[in-house]
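Single-structure report; data block below.
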Amino acid sequence: MKEIYEDAPKEIAEAIEASVPVDDFLPSPDELLGKVKKRRVTITLSERSVERFKRYANAQNTKYQTLISEVVDSYSHKLVR
């Protein structure tokens, strides 16, 4: 059962009464999870870059391949519109 809050200060109660519902504009959880079609590719990177990605990914508790993919995707989105 939903609890009703009745002790709001007058100005808060008036603001709530005057409020207008807003349509939900946020993407759904499925859209946020990145259900993007992917393609496997082979690239050669410097050992230095791979080690940097591995260290950063480890600190962020993610996979370094995923991190590289996200960096490339983000860069390509800004580069080619």
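The values are calculated or read from the model by the stated rules, or taken from the named source; none is laboratory data. Predicted model, so just to flag it, every value in this text is computed and none were measured. Neighbour counts are summed over all protein chains in view; Cβ atoms, including those assigned to glycine, are modelled from backbone coordinates with ideal geometry.
Of all the residues that make up the range 44-81, how many are at pLDDT 90 or above, charged (D, E, K, R) and loosely packed, with under 10 Cβ neighbours inside 10 Å?
Final tally of qualifying residues: 2.
Filter the range 57-73 down to the residues that are among the polar types (S, T, N, Q) and either under 17 Å from residue 37 (Cβ atoms) or not in a helix (DSSP H, G or I) (or both) and list them by number.
60, 61, 62, 65, 66, 69, listed by residue number.
Out of (1) assigned to a loop (DSSP other than H, G, I, E, B); (2) under 16 Å from the mean Cα position of the chain (by Cα); (3) modelled with pLDDT of 80 or more, what's the single condition that is false for residue 41?
The number of the failed condition is (2).
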